[in-house]
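The values are calculated or read from the model by the stated rules, or taken from the named source; none is laboratory data. Keep in mind that this is a model prediction, so the values were computed, not measured. Methodologically, a virtual Cβ is constructed for each residue, glycine included, from the backbone with ideal geometry; neighbour enumeration extends over all protein chains shown. The protein model used for the area step is the full one, side chains on, heavy atoms only, and it has no ligands, DNA or RNA in it. Shrake-Rupley method; radii C 1.70, N 1.55, O 1.52, S 1.80 Å.
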Amino acid sequence: MTSSHADPLDDALLIHLANQAAARYPFCQQARISLVTRSENATFLVETAVQRYALRIHRPDYHELVDIESELAWLEALQRDTDIPVPYPLADYEGRRVLTLNAPGGGHRHAVLFYWLEGETPTACLDPLSFRHLGELTARLHQHSRNWPLPTRFRRITWNHATMVGPEGHWGNWRDIPGLSSADIYLIAQAVQQAGLALSVYGMAAERYGLIHSDLRLANLIMHSSGTQIIDFDDCGFGWFMHDLAAAISFEEHHPAAPTWAQNWLDGYARVASLSAEDLAILPALFVQRRVQLTAWAGSHMQTDMVRSLGADWLEHTVRLCRRYLDGKSWPIGAG
């Protein structure tokens, strides 16, 4: 991976760092370490004779130490104040929950060890009613966010229109993805501009914009007999609360069942918190903005397994959904 939005270290060097990190935990001596996935960061399974752990090694140029510590502060508050199952970070032998490791070739990487959450990751084939439960969970997460006094020095990433789909967006420039014609670029740019105008009118009042998970999709849920667990708060930051619905169907916006998923999510959310007419009206803009944001991510992470799994027609669907948004006749999700 050569993109500035990905870690330039190869798998072997990252495994070397993972072993270096595991050595800092007395309970991880003699552990077996294996790479699980490389996406925004690298995630490893750390297995001992009695316990399994998830080790996350952060890529450079994304989150600094204060940002990661702020993520862990929210996780700690959620564990203390709610019964929402979230990852539990562990301290090393010096009491540090965020490690700073010297990287081969210079620089450093931050790393965090969590308890491994047992269960299965759902797929797009799951019962649509599961999205109703996800909507409820998200509403409870938002309730906590709205009521939680932010600690001193709390800092998380900002998700607004420019940082999502602007030329200098956090995940890259969507125009850089291979395969777009000049006509495609013009159409997507029109959709992006229209969505930006709608979001500008919708605004960022406290009841609409605040601390969110921002990537609360199927891949970041663990289904267990004890309940649904939420993982991967690495992208949590300040954004529109209703963006978490757009995020719930990430990469699957074109799926025929996407409108049903979204409606079930809304039904579940409404069981916990009320939604205004303006909240519902802004959804098309958020759906198309998320899809274009993911297009930027795909362009800057071409070598990841996630991008390779998208399929040859994924980009064509992006253009189609942007055209549907501009038509304004229905939500820019689903087939047809």
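Which value, in debye to the nearest 20, gives the size of the charge dipole of the range 194-283 about its Cα centre, when Lys and Arg are +1 and Asp and Glu are -1 at the Cβ?
The calculated dipole for the range 194-283 is roughly 160 debye.
Can you give the angle from 0 to 90° between the axis of helix 65-81 and the longest principal axis of the chain, with both taken from C-alpha atoms, to the nearest 10?
80 degrees
Ranked highest first by the average count of other Cβ atoms within 10 Å around their residues, in what order do 12-18, 241-247 fall?
The densest-packed peptide leads the list: 241-247, 12-18.
Are there chymotrypsin sites (Phe, Trp or Tyr not before Pro) in the range 89-185 that DSSP marks as loop and that have at most 11 other Cβ atoms within 10 Å, and which are they?
Hits after loop and neighbour filter: TYR93.
Please work out the FRET efficiency for the pair ARG146 and LEU326, using the Cβ-Cβ distance as r and a Förster radius of 41 Å; give the result to the nearest 0.05.
Once rounded, the FRET efficiency stands at 0.80.
What is the magnitude of the charge dipole of the chain about its Cα centre, with +1 placed on the Cβ of each Lys and Arg, -1 on the Cβ of each Asp and Glu, and no other charges, expressed in debye to the nearest 20?
Values: 27 positive and 37 negative charges, 43 e Å.
Roughly 200 debye, rounded to the nearest 20.
Provide the packing ranking of 210-221, 324-335, i.e. peptides ordered by the mean count of other C-beta atoms within 10 Å per residue, highest first.
Top to bottom by mean Cβ count within 10 Å: 210-221, 324-335.
Nearest 5 percent is fine: what portion of the DSSP beta bridges confined to the chain is antiparallel?
95 percent
For the modelled label position 7 Å from the Cα of ALA312 along Cα-to-Cβ, which residues of the range 163-191 have backbone nitrogen atoms closer than 15 Å?
Counting backbone N atoms under 15 Å from the label point, the list is 179.
Lys/Arg Cβ at +1, Asp/Glu Cβ at -1, dipole of the range 1-67 taken about the Cα centre: which of HIS58, GLN20, ALA31 is farthest positive-ward?
Result: ALA31.
Roughly how many nanometres apart are two label points built 7 Å out from the Cα toward the Cβ at ASP61 and ILE33?
2.5 nm
When the dipole is taken about the Cα centre of the range 7-81, and only Lys, Arg (+1) and Asp, Glu (-1) are charged at their Cβ, what size is it in debye, to the nearest 20?
Result for the range 7-81 is approximately 440 debye, rounded to the nearest 20.
Which shape class, rounded, prolate or oblate, goes with the range 236-283 when its Cα gyration tensor gives a ≥ b ≥ c as root eigenvalues, a/c under 1.5 marks rounded, and past that a/b bigger than b/c marks prolate?
Judged from the Cα gyration tensor, the range 236-283 comes out oblate (a/c at least 1.5, b/c at or above a/b).
Through the Karplus equation 6.51 cos²θ - 1.76 cosθ + 1.60, θ set to phi - 60°, convert the phi angles of the range 196-208 into ³J(HN,Hα) values in whole Hz; use x for Gly and Pro.
My calculation for the range 196-208 gives x, 5, 4, 5, 5, 5, 4, x, 10, 4, 4, 6, 10 Hz in order.
Leaving out ligands and nucleic acids, and using a 1.4 Å probe, what accessible area per residue does the chain come to in Å²?
Per-residue value: 43 Å².
Taking the square root of 5 times each eigenvalue of the Cα gyration tensor, what semi-axes in Å does the equivalent ellipsoid of the chain have, largest first?
32, 24, 19
Excluding ALA335 itself, what net charge comes from residues whose Cβ is under 13 Å from its Cβ, given Lys and Arg +1 and Asp and Glu -1?
Net charge in that neighbourhood comes out at -2.
Grab the Cα-Cα distance for ALA23 and ALA162, subtract it from 0.36 nm times how many residues apart they are, and report the gain in nm with one decimal.
Length difference between fully extended and current span is 46.0 nm.
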